[in-house]
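Asks: Next up is a structure, given as structure tokens.
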Amino acid sequence: MRRAFTQRSIDLAVGAVLPLCLIGIWQWASMQGDTQAFAFVPLQAIAAAFVELIQGGGLAANITASLITALKGLVVGGSAGLILGLAMAFWRPLGDLLNPLVQAMRQVPNLALIPLIGLWFGNTELSKLLVVSLSVFEVIVLNTYEGLHRVDVRYVEVGRVLRLSRVTAFRRILLPAALPSIATGLQHGVAFAWLATVGVELLFTVGPGLSSVMERAQTAARMEVVIVCLVFIALLGYAMHQCVCWATQRLLRWRHTAFAR
């Protein structure tokens, strides 16, 4: 336990080296004149903007709004993708019918659908939810479908030898074998949901959100506020990724990987 804690501390220290160096370079660049100070805002100005946003009370509300949008899209798109992926895997005609369409949809950036969705549903919260949900849906449905299709045929043969029912074979053999792929899809889905949320908040201006704060700050030439929002976007995205990684590691703790610590 102590050895693991020591190794974790070392990893954190090593991981902090590059960010600290970049912060130092940023501060140095901000001291090279007024022009540079506008592009590379001094750290003290960023700290003052952070305090201003916290005291104003609007930052927490906008962060909450962005997180709710991402969570809604993750639940809606993830649930639909999981159900459809399972259906495509178990009913071959459906898989043959829909797999080419889903593969083709994956090649189209979801943000490219914004003009079409905007025309259909307007500048509304529903439009934002649709874009985020589609971003999650595609990766979940494909990972679920591929994960079930890549199950080793020997596992399936064992189920047949044991005369397991279809439901029991799915619960005891197929689902555990496909879980790593589904978990990978979930990890990617969380990242795509957050990225899509940031994008749609910039393009659909309805409602609060971190990107809305950034857009207003950009209009007012408040670069320090933009930087604060970007930092929060990065930190929240990283925190969500770590939470999902921890959850999937707990779910798949029976697996032994080459890089497990």
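The values are calculated or read from the model by the stated rules, or taken from the named source; none is laboratory data. Since this is a predicted model, take the numbers as computed values, not measurements. In this analysis, Cβ positions are derived from the backbone assuming ideal geometry, glycine residues included, and neighbour counts consider all displayed protein chains.
Asks: Confirm whether residue 146 is over 30 Å from residue 204 (Cβ atoms) and assigned by TED's automatic domain parsing to the domain that holds residue 205. Even if it seems obvious, please write down each step before you answer.
Replies: Values: over 30 Å from residue 204 (Cβ atoms): yes; assigned by TED's automatic domain parsing to the domain that holds residue 205: yes.
Judged against the criteria, residue 146 is a match.
Residue-wise test of (1) under 18 Å from residue 230 (Cα atoms); (2) surrounded by 13 or more Cβ atoms within 10 Å (Cβ to Cβ); (3) modelled with pLDDT of 80 or more.
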position: 15; (1), (2), (3): no, no, no
position: 29; (1), (2), (3): no, yes, no
position: 43; (1), (2), (3): yes, yes, yes
position: 50; (1), (2), (3): yes, yes, yes
position: 60; (1), (2), (3): yes, no, yes
position: 65; (1), (2), (3): yes, yes, yes
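Asks: Something else now. Looking at the structure I just gave you, is residue 180 of a type outside the set (S, T, N, Q), in contact with a Leu (Cβ under 7 Å, 6 or more places away or on another chain) and surrounded by fewer than 18 Cβ atoms within 10 Å (Cβ to Cβ)?
Replies: Values: of a type outside the set (S, T, N, Q): yes; in contact with a Leu (Cβ under 7 Å, 6 or more places away or on another chain): yes; surrounded by fewer than 18 Cβ atoms within 10 Å (Cβ to Cβ): yes.
Criteria met by residue 180.
Asks: Right, something else. Report, by residue number, each residue of the range 70-95 that is of a type in the set (D, E, K, R) and in contact with a helix residue (DSSP H, G or I) (Cβ under 9 Å, 6 or more places away or on another chain).
Replies: First, pick out the residues of the range 70-95 that are of a type in the set (D, E, K, R): 72, 92.
Result: 72, single match.
Asks: May I pose another question? Filter the range 141-155 down to residues that are touching a helix residue (DSSP H, G or I) at 6+ places or on another chain (Cβ under 6 Å) and modelled with pLDDT under 80 and give me whichever is surrounded by the fewest Cβ atoms within 10 Å (Cβ to Cβ).
Replies: 155
Asks: Taking the residues in the range 20-49 that are over 21 Å from residue 232 (Cβ atoms), of a type outside the set (Gly, Ala, Ser) and assigned to a helix (DSSP H, G or I) as candidates, determine which candidate is nearest to the chain's Cα centre (by Cα).
Replies: By that ranking, first place goes to 21.
Asks: Take the residues in the range 71-129 that are polar (S, T, N, Q) and surrounded by fewer than 16 Cβ atoms within 10 Å (Cβ to Cβ), then tell me which one is nearest to residue 240 (Cα to Cα).
Replies: Step one: of the range 71-129, the residues polar (S, T, N, Q) are 79, 99, 103, 107, 110, 123-124, 127.
From what's left, surrounded by fewer than 16 Cβ atoms within 10 Å (Cβ to Cβ): 79, 103, 107, 123-124.
On the way: 79: 18, 103: 27, 107: 26, 123: 27, 124: 25 Å.
Checking each candidate, the answer is 79.
Asks: Among the residues that make up the range 172-181, is at least one of them more than 30 Å from residue 159 (Cα to Cα), of a type in the set (D, E, K, R) and at pLDDT below 90? Before the answer, list the steps.
Replies: Within the range 172-181, the first condition is being more than 30 Å from residue 159 (Cα to Cα), and the residues that meet it are none.
Taking every residue of the range 172-181 in turn, none turns out to be more than 30 Å from residue 159 (Cα to Cα), of a type in the set (D, E, K, R) and at pLDDT below 90.
Asks: Tell me the residue from 158, 132 that is touching a helix residue (DSSP H, G or I) at 6+ places or on another chain (Cβ under 9 Å), buried (at least 21 other Cβ atoms within 10 Å of the Cβ) and either at pLDDT 80 or above or farther than 19 Å from residue 182 by Cα (or both), please. Show your work before the answer.
Replies: Numbers: 158 fails: buried (at least 21 other Cβ atoms within 10 Å of the Cβ).
Sole residue among the options that is touching a helix residue (DSSP H, G or I) at 6+ places or on another chain (Cβ under 9 Å), buried (at least 21 other Cβ atoms within 10 Å of the Cβ) and either at pLDDT 80 or above or farther than 19 Å from residue 182 by Cα (or both): 132.
Asks: While we're looking at this one, here's another question. Restricting to the range 186-229, name every residue that is more than 30 Å from residue 147 (Cβ to Cβ) and either modelled with pLDDT of 90 or more or basic (Lys, Arg) (or both).
Replies: Taking the range 186-229 and keeping what is more than 30 Å from residue 147 (Cβ to Cβ), we get 201-229.
Those that are more than 30 Å from residue 147 (Cβ to Cβ) and either modelled with pLDDT of 90 or more or basic (Lys, Arg) (or both): 216, 222.
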